[in-house]
Amino acid sequence: MSITAGLKGAALALTVACVTSLNSSAATFNEDFSSPPELRGWNIWGQSSLFHWNPSQQWLEVTWDSSHSNSFFRRPLGVILAKTDSFTLGFDLYLLEARIGVNPAKPYSFEVALGFHNSLQAVRESFQRGRGVGHAPNLVEFDYFPEYYHPQDLYSHQATVWPTLISTNGSFNYDGPNAYRELVLPTNTWLRVRMVYDGASRQLATTLRASATPFVTGDEGSTLLQFTTQLLPSFTDYRVDTFAVASYSDSGAGGSLFARGYVDNVTWHVPDAPVQHLHTARAGNGLEVRYLGTAGYWYVVEASEDLRHWTPQQPPMAGTGGWLNWPLEAATPEKRFFRVTATRP
């Protein structure tokens, strides 16, 4: 996975202008939907009719409809997360309804989903969340599966909440009963979901708080639920770079879903962007590109004359947490654009 940051300038001049937000920290983000979200980098992939910004109520109206292709309302994080990176994620969720088995041929439960995904892999045709192991790699998300019951079927499925972590090879993290909670999410009330992951201990703490209607659990009457999921030693790693409200297709699945609700007050805190303080500086009689790199990333400076065709200017350099630099050639063409690509293997 890679992230790019760019600057423009003349190879023979002494001034440049930064053209990217990656030059500053992207660690903390808050979205209250008080103004058009596309102004802050949100975009829709798939069926745009499933997502609607309500300017009067200042929230996002969402339909999770598994009869459609994979569809996402999403925004880049500005960083690539791995299992060694600590993060927090929070959002408010208001469910109006959540019905499973809406396709009679697919009667089992299916998920309402929000969380982090890999922006390149999630849009591939082969990405099929409902098919299980090996078909939906690189996910860190909150999933809610409504209850399934059919009197003529020996199989029943209690409503469950899953903090789901899926590795780069499509394997699920499953630590037994701690991986999920049997829980019916109430409708027509606001829920606050908060997920806090510690990269050192590999633990994910999930908290759900209902504003009014209690959860239906073994301990009925509670409006607060907290539990911890442990990342297993056998879990390899993940690479995620985007937050998404995800309406997954039920292609290849045995279940189906139709749900409606609102999402508001999305917040996250992640490590700083991998390219910091990108600029040019004097070096002898010329200039050089300078930036702070992050350990675990590899960096390449690229140049372009037209912002369409980019040419690497160097072999990949490993980030160390300190300054990296690359000299600019004082040669024609007089003006060129430069960018730095940060890749996390």
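Values in this text are rule-based calculations from the coordinates and carry no lab data. Being a predicted model, the structure only gives us computed values, none of them experimental. All Cβ positions, even for glycine, are placed from backbone atoms using ideal geometry, and neighbour counts span all protein chains on display.
FRET efficiency for the pair Asn325 and Ala27, taken as 1/(1 + (r/R0)^6) with r the Cβ-Cβ distance and R0 = 30 Å, rounds to 0.80. If you run the Gaussian network model on the chain, springs between alpha carbon atoms under 10 Å, then out of Ala200, Ala303, Ala318 the most flexible one is Ala200. Under the convention that each Lys and Arg Cβ holds +1 and each Asp and Glu Cβ holds -1, the size of the dipole of the chain around its Cα centre is about 720 debye.
In whole percent, what relative contact order does region 28-269 give with Cα contacts below 8 Å and a gap of six or more residues?
After rounding, I find 36 percent.
For the peptides 290-298, 96-104, 266-274, the ranking by packing is 266-274, 290-298, 96-104, with the highest mean count of neighbouring Cβ atoms within 10 Å listed first. Of (1) 29, 51, 18, 2, 0; (2) 29, 63, 8; (3) 33, 63, 4, which one was derived for P(r) over Cα pairs in 20 Å bins from 0, in percent from the structure shown? Of the labelled values, this structure produces (1). Ordering 38-44, 80-86 by mean Cβ neighbour count within 10 Å, with the highest value first, yields 80-86, 38-44. Computed from the C-beta positions of Thr228 and Thr189, the FRET efficiency with R₀ = 30 Å rounds to 0.75. For the chain, modelled as a GNM whose springs connect Cα atoms under 10 angstrom apart, the maximal fluctuation among Gly78, Gly286, Gly254 occurs at Gly286. For the chain, with a Gaussian network of springs between Cα atoms less than 10 Å apart, report the residue from Leu287, Leu183, Leu191 with the top mean-square fluctuation. Among Leu287, Leu183, Leu191, the largest GNM mean-square fluctuation belongs to Leu287. Extension gain, Arg209-Ser304: 0.36 nm per intervening residue step, less the Cα-Cα distance, totals 29.2 nm.
As a calculated quantity, the FRET efficiency between Asp237 and Thr343 at R0 = 22 Å, using C-beta atoms, amounts to about 0.90.
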